[in-house]
Amino acid sequence: MAKTSTTTQGLRAAIERSGYYPALVAEAVEAAVGGEPIRSYLVHQETTFDQNEVRRHVTVLVLTGNRFIVSHTDEQAADTTSPTPYATTSTESVKIGRISSVVVSRVVANPEQYQPGSLPREVVLTIGWGAVSRIDLEPAACGDPNCEADHGYTGSSTADDLSLRVSEAGDGPETVRQALVFAQAISEATADVTR
């Protein structure tokens with residue numbers, strides 16, 4: 001990443017603010033971005049509870065002129081493969097033209113009082129590019145309640161590459177605002193490619 005870019009400096013500062021292994025996360029993101037200018041980014045640090053353990057992970061989304069980059073870092077406790085705790089960082093680079101869907105779900109309290117420009121209570125950003133799909137199947141049936149024939153299955157296939165939820169209560173209003181900015185930027189980038 002070019003160190004002179006304001007957007008690049010903002011991304012680096014957001015990674016450092018997350019407090020989650022910033023040197024490790026920044027190095028992985030910088031390697032994936034290379035020298036491309038950054039158009040938009042989102043850093044989301046999340047804490048989860050797994051039985052008796054507290055686990056943290058961070059997801060960094062970066063939009064360049066040509067690519068959508070996803071970086072995800074998880075920490076793991078010591079186990080049979082490692083006597084010490086460790087972290088795993090992965091990055092995926094997707095050409096913008098491969099993105100097939102961008103879904104932005106907004107949860108708004110008291111919608112009858114909504115004022116344009118107000119922040120939603122939470123935002124769920126789902127981006128699909130065909131790497132992962134989820135298939136939900138259920139037995140098919142006909143309209144006859146006495147029918148015992150096998151009608152096969154019916155179901156749906158859903159792109160499930162990335163789904164990220166941010167909330168004002170859990171992540172703060174600035175993260176919700178940044179999620180909306182990133183969602184708009186990636187939506188616009190995919191619209192530009194299809195023209």
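Look at G10 and say whether it is loosely packed, with under 14 Cβ neighbours inside 10 Å and touching a strand residue (DSSP E or B) at 6+ places or on another chain (Cβ under 8 Å).
For G10, the condition - loosely packed, with under 14 Cβ neighbours inside 10 Å and touching a strand residue (DSSP E or B) at 6+ places or on another chain (Cβ under 8 Å) - is not met.
Considering each residue of region 108-131, count those that are under 30 Å from P173 (Cα atoms) and free of Cβ contacts under 8 Å to residues at least 40 places away in the same chain, and give that number.
Residues flagged as under 30 Å from P173 (Cα atoms) and free of Cβ contacts under 8 Å to residues at least 40 places away in the same chain within region 108-131 amount to 13.
Restricting the search to region 79-101, which residues are at pLDDT below 90 and out of contact with any strand residue (DSSP E or B) (no Cβ under 8 Å at 6 or more places or on another chain)?
Across region 79-101, the qualifying residues are D79, T80, T81.
Just to be sure before I move on: is V25 part of a strand (DSSP E or B) and among the aliphatic types (A, V, I, L, M) in the structure I sent? Spell out how you get there, then give the answer.
Details: part of a strand (DSSP E or B): no; among the aliphatic types (A, V, I, L, M): yes.
Taking the combined requirement at face value, the residue does not satisfy it.
Return the residue satisfying two criteria in turn: it lies in region 151-162 and is of a type in the set (G, A, S) and open to solvent by less than 70 Å² (accessible area, probe 1.4 Å), and of such residues it is modelled with the highest pLDDT.
Taking region 151-162 as the starting set, the residues that turn out to be of a type in the set (G, A, S) are 152, 155-157, 159.
Add one more test, that the residue is open to solvent by less than 70 Å² (accessible area, probe 1.4 Å), and what stays is 152, 155-156, 159.
Working: G152: 83, G155: 76, S156: 67, A159: 57.
It comes out as G152.
Here's the yes/no breakdown for (1) over 17 Å from A179 (Cβ atoms); (2) at pLDDT 95 or above:
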residue	(1), (2)
T4	yes, no
R12	yes, no
G19	yes, no
E27	yes, yes
G35	yes, no
Q45	no, no
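Restricting to region 122-146, what's the tally of residues that are under 29 Å from Y21 (Cα atoms) and surrounded by fewer than 15 Cβ atoms within 10 Å (Cβ to Cβ)?
2
E30 fails exactly one of the following numbered conditions: (1) closer than 17 Å to E92 by Cβ; (2) in contact with a helix residue (DSSP H, G or I) (Cβ under 9 Å, 6 or more places away or on another chain); (3) open to solvent by 50 Å² or more (accessible area, probe 1.4 Å); (4) of a type in the set (D, E). What is the number of that condition?
So the condition that E30 fails would be (3).
The values are calculated or read from the model by the stated rules, or taken from the named source; none is laboratory data. No experiment lies behind these values; they were computed from the predicted model shown. No Cβ is skipped: glycine too gets one built from the backbone with ideal geometry, and neighbour counts run over all protein chains shown. Note: areas computed on protein heavy atoms with side chains; ligands, DNA, RNA excluded. Shrake-Rupley method; radii C 1.70, N 1.55, O 1.52, S 1.80 Å.
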